[in-house]
Amino acid sequence: MRSLRGFRGCRSFCRIQTDPRPEEWRRASTTATVAYVGPILNRYVTGLQTALKGMGFRGRFLLMRSDGGVAMVEAATQNPGHMLTSGLAGGVIAAEALLRQSGHKAAVALDVGGTSADLAAIQSGRTGVRRERVMDGQPIRLPTIDVETISNGGGSVAWVDAGHALRVGPESAGSVPGPACYALGGTRPTVTDAAVVLGWLQPEDYLGGEMTIDPGLAHKALSEAVALPLGISVDEAALGVIRIANAALVQAVRKLAVERGLDLRRHLLIPAGGAGPLYGAMIARDLGMAGILVPRYPGIFAAEGLLAADLCHRDQMHFHQSLAVVPAAKVSQGFDRLRSRTAALLRADGVPARGQTFRLQAELRHVGQWHDLTVDIPPRLVRGGLDRSGLAALFHRKHKTLYGHSDPAAPIEFRSLAIEAIGQLDRNAPGPTQATAPATARHRAIILSDPLLRERVPVLDRAELSPGDTRSGPLLLPQKDSTTVVFPGQHLRVLADGALWITEVNPRPCRPSTARSFSTKSHRLPRRCRPRCAVRHIRRSSGT
Amino acid sequence: MSTALRRAAYSPIIWDMIDYACGLLDAEGNLIAQAPTIPAQLGIMSTAFRHIAGVIPTLDWRAGDIIICNDPYAGCSHTPDIVLFSPILIEGKLIAVTSTVAHHVDIGGPVPGTENATALEVYGEGLIIPPVKLYDRGRPDRNLLALIARNLRDPAATTGDLNAQIAACRTGERRIAELVGKYETAGFLARKAAVLDHSHTFIRATLAPYRGKSAQAEILIEDDAATTAPMRLAVRVSIGDGSLAADFTGTEGQRPNGLNCPVASTISMAHYAVQAVFAPDQLLNDGFNRAITLTLPDDSLINPRAPAAVSCRHLTEQAVADVMLKALAQIAPDLSTAGSQISFPTLGVGGFDRRHAGQPRYFVTGDILGGGMGAARNRPGASGVDCHGSNCALISAEIMEMTGPVRVAATRLVPGSGGTGAASGGLAIERAYEALDDDLTVSGYLQQIGPATTPWGMEGGGSGAPAAVWITRADGRDEPLPSKYIGVKLNKGDQLCLRSARGAG
């Protein structure tokens, strides 16, 4: 006990409670991280709670968690690790809600901010939860919503390397000093500066006119750091910067899709964050995606997500059993235990039984394999007897989607049982938006695709559009928190909730090519080679 | 390509240890780009291309072909590394080639996993596949596939992994066809040339401040398979006008063991060393490599003559990187570190698991230890990392205990001697594996076990501490083992202790 003297008043965290699965180092790393950030987070949260009370706040104080649910203060501080990446969850929840309203099921949410871009894939209306992520080289095995982050944002700095190539990022100017055009002392050109030079961002109504930006400084920074060293015009430099930043985002979306086995042609893009709608149209076009859904307020989209989240408790138990021989009762008892534990938590949160829903999950794997797959289990498969073949079929299907092959003959084992307990919260639906004034288009000469050509493009304040309005690109739609760029050949419709629905007028044109493509699923290949129209395999392969 | 391969792969050696590479070459075999997965496979593709194109002229490459090869004497690495090429033709003209290299779990030969330090010739290292078409215009050669499958211990894994490699090649073909669709052939070729030129300009600019400098270096590594005499590697590096020449004259002749390093692997690690020092953030391609000239003496450890055995070349390959870095540390000390561990301690355990009801089950498990990196001028070396070519992680003690009757009794960073200096070398790892049952067989390799072979200090820094392997028997007796220990028996309560080397200061 002597070694613990001096730690009085500190909280201890138990490895088994924070993460009950095998692999000692990952478990220890998770627990150490929780113990490191826990007290700081908890102090902050308790302080905030006290302050709110002092201000006379009488509502329910909820905290966003990394897994996309919200929790009451008591539950959140129990395992503070669950709040670690909660910042990423808001945008995804908001995208799920927007997608639901639009009647679609599958999308990629892309939130581009000042320094980084967050991406998430939404399947059947939901984003997956992953059980482990690596932060700063340390594995953290806590459920977090499945978001990828790359360093690429409006503040990413453009520079020329020793090989005379234009590069963008990973260094960022952040918000201080920020882009050169902010006139806060930044002298290095950023992606935002490039957008100003091209005319995509309007000096006169940046942030609704609350901030003045100086296009001259953007021009000067790009000229000195990029155009002069490379011997190109400032306009060429600016378009180059935007294209490189865009290529990095395209690559990130493509990787997200390939890793999860998605077909991007069936996915919408939901660009958000201050800079997302600038690129959304370009990215979706490059990837042949089904359409673009721009939220009404892209800049505060993640915050809106906080309001759309439900209460959520997760629980899991180590359960190492063979699927073929485990007694059915053991499985149902395991789930019953998880269910009653989480139901009690929801009751304590004040959620009545009718507002509670439960999602059952199991981590399964092939016997002898090291990697587990989390499979959602419909309750009918475990209620009143265990449907072993039904469970096996779910596992094999998921294995096939993720890894491209499956082996139905190989035995399967359980690794753990898990539950997601959702408590629905009552909330007010946002009202429909109303146009503030009749739409009157201004025009502006901007560069969209050719550095030698400034096109006159209509500029329309986003607030001037009403639900049901339609427009054709090219078009610039500034608003206080963002700017949306619509390219020539794209068509726009305003949805009831004020979101923009952008599609290609003519889906990707067919380019003749003599390149052939060959199927590769297995060694059981077609007897003759099959030449295909290039376009067919471009489509087939979107996202690979 | 890389994601497609990893996703579809069958074996943990690919999806966990990431022992594979994907790349894109032009019609002349210049490497345009390679996914940054494993440094040890950086130079294989273009070397193999030149050999393969000599056997099957590129004029005979047709759309849909897949060419396979694993011959260390046709520009490939060791036999478990299977290289595939697939041509991309536009209007009948070859414009690019995709390539994948993957380490397969077993390619036959006397020992499971194929690698064998005591092999005398490459013929003892499993199946050798010369450059042949595995697919002809999209049609697989079933006879060849059947012949390959019959010669391996785990045909399902190899077939699965080969399919993953083919899927990656096809992905590359489709994506290049998309690019050509977007930019036209001429535009694609111009961009390709620009990428190569950029890398060349970059490395020329980076080398410029070191123009006229040259340095010599020598290191020793253990043999302990053919003889107990250590093996010497030597290099002289000179920086010219935007170019770098490395002359390995003085490196010893090849030996009758599996430690010889085939020429493609030597090139890989020499290029790795130059990149690590001068362009760590750059993508590697042949525009970069254009600036590098290598002189590799014939019939030597690093350019052996057939049929010398090569399956354990990874130990020597690490030494190629090490000796290059030792020379470069004199030329560019500001960009270098002192000698890192290349001790590469490995362990393989096999035996019967009788812990469960029913028939005893045969099990095999293994481990690779990282060690200490050398210190840089103002920064201590990282501890417990697998340096240079391989970059593998420790296996979880709990996973190992689940796999077989082996308990990891201790895992620790080794404090204490060696690696001293203004900045100190990274710490070594020590692990003790306890047998929980009788009659387990252990084998493995390591190097840097003596004072002559420990990591070298830089600018007055102390050399690292040596690696070691020994058995502590159940009765407390310690038994030292040689650097190549093969087929040693452990009984219940015996502990095999493995320690990597500490980095230098």
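The values are calculated or read from the model by the stated rules, or taken from the named source; none is laboratory data. Keep in mind the model is a prediction, meaning the values are calculated, not measured. Note: ideal-geometry Cβ built from the backbone for every residue, glycine included; neighbour counts use all protein chains shown.
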When residue B:144 is run through (1) within 30 Å of residue B:257 (Cα to Cα); (2) at pLDDT 90 or above; (3) away from chain A (no Cβ under 12 Å), the failure sits at (3)
Residue B:27 - would you say it is surrounded by fewer than 24 Cβ atoms within 10 Å (Cβ to Cβ), touching a Cys at 6+ places or on another chain (Cβ under 8 Å) and either under 13 Å from residue B:96 (Cβ atoms) or free of Cβ contacts under 8 Å to residues at least 60 places away in the same chain (or both)? no
Here the residues within the range A:356-378 that are surrounded by 13 or more Cβ atoms within 10 Å (Cβ to Cβ) and at pLDDT below 90 are A:365, A:366, A:369, A:370, A:371, A:372, A:373, A:374
Here the residues within the range B:345-367 that are surrounded by fewer than 23 Cβ atoms within 10 Å (Cβ to Cβ) and within 26 Å of residue B:458 (Cβ to Cβ) are none
Requested in this report: Kindly indicate whether any position in the range A:184-193 is away from chain B (no Cβ under 14 Å), in a helix (DSSP H, G or I), within 26 Å of residue A:450 (Cα to Cα) and not hydroxyl-bearing (Ser, Thr, Tyr).
Outcome: yes
Filtering strands (runs of 3 or more DSSP E) wholly in the range B:415-505 for at least 1 residues that are outside the structural domain of residue B:383 (by TED's automatic domain parsing) and in contact with a Gly (Cβ under 6 Å, 6 or more places away or on another chain) gives none
Residue within the range A:147-157 that is within 14 Å of chain B (Cβ to nearest Cβ), in a loop (DSSP other than H, G, I, E, B), surrounded by fewer than 16 Cβ atoms within 10 Å (Cβ to Cβ) and without any contact (Cβ under 8 Å) to a residue 60 or more places away in the chain present | yes
May I ask you to verify whether residue B:305 is basic (Lys, Arg) and in the same structural domain as residue B:497 (by TED's automatic domain parsing)? no
Among A:354, A:341, A:347, the single one that is outside any strand (DSSP E or B) and within 30 Å of residue A:497 (Cβ to Cβ) is A:354
Note: among B:90, B:56, B:68, just one is modelled with pLDDT of 95 or more and within 14 Å of chain A (Cβ to nearest Cβ), namely B:68
Exercise. Does the range B:1-19 contain at least one residue that is under 24 Å from residue A:371 (Cβ atoms), among the aromatic types (Phe, Trp, Tyr), more than 14 Å from chain A (Cβ to nearest Cβ) and touching a residue at least 24 places away in the same chain (Cβ under 8 Å)?
Worked result: no
Heads up, the strands (runs of 3 or more DSSP E) in the range A:14-127 (entirely inside) with at least 1 residues that are at negative phi and at pLDDT 90 or above are A:107-112, A:117-123
Taking the range A:351-369 and keeping residues touching a residue at least 40 places away in the same chain (Cβ under 8 Å) and within 15 Å of residue A:425 (Cβ to Cβ) leaves A:351, A:355, A:356, A:357
Of (1) within 14 Å of chain B (Cβ to nearest Cβ); (2) within 26 Å of residue A:426 (Cβ to Cβ), residue A:286 fails just (2)
Meets criteria (among the β-branched types (Val, Ile, Thr), more than 10 Å from chain A (Cβ to nearest Cβ) and under 22 Å from residue B:45 (Cβ atoms)) for residue B:171
no
*For residue B:109, are the conditions met, namely being closer than 18 Å to residue B:61 by Cα and either touching a Phe, Trp or Tyr at 6+ places or on another chain (Cβ under 9 Å) or not acidic (Asp, Glu) (or both)?*
no
Every listed condition ((1) more than 23 Å from residue A:203 (Cβ to Cβ); (2) within 14 Å of chain B (Cβ to nearest Cβ)) holds for residue A:240 save (1)
Matching residues in the range B:216-231 (surrounded by fewer than 17 Cβ atoms within 10 Å (Cβ to Cβ) and either hydrophobic (A, V, I, L, M, F, W, C) or out of contact with any helix residue (DSSP H, G or I) (no Cβ under 8 Å at 6 or more places or on another chain) (or both)) number 3
Looking across the range B:423-446 at residues that are more than 25 Å from the chain's Cα centre (by Cα) and under 18 Å from residue B:465 (Cβ atoms), the single one that is surrounded by the most Cβ atoms within 10 Å (Cβ to Cβ) is B:424
Scanning the range B:376-408 for residues that are more than 11 Å from chain A (Cβ to nearest Cβ), touching a residue at least 40 places away in the same chain (Cβ under 8 Å) and more than 23 Å from the chain's Cα centre (by Cα) gives B:376, B:377, B:378, B:379, B:380, B:404, B:405, B:406
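Would you tally the residues in the range A:228-248 being in contact with an Asp or Glu (Cβ under 9 Å, 6 or more places away or on another chain) and either among the basic types (Lys, Arg) or surrounded by 23 or more Cβ atoms within 10 Å (Cβ to Cβ) (or both)?
Qualifying residue count for the region: 2.
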Restricting the range B:117-141 to residues that are within 14 Å of chain A (Cβ to nearest Cβ) and in contact with a Cys (Cβ under 6 Å, 6 or more places away or on another chain), the one surrounded by the fewest Cβ atoms within 10 Å (Cβ to Cβ) turns out to be B:137
Within the range B:319-344, of all residues that are touching a Gly at 6+ places or on another chain (Cβ under 7 Å) and not in a helix (DSSP H, G or I), the one surrounded by the fewest Cβ atoms within 10 Å (Cβ to Cβ) is B:337
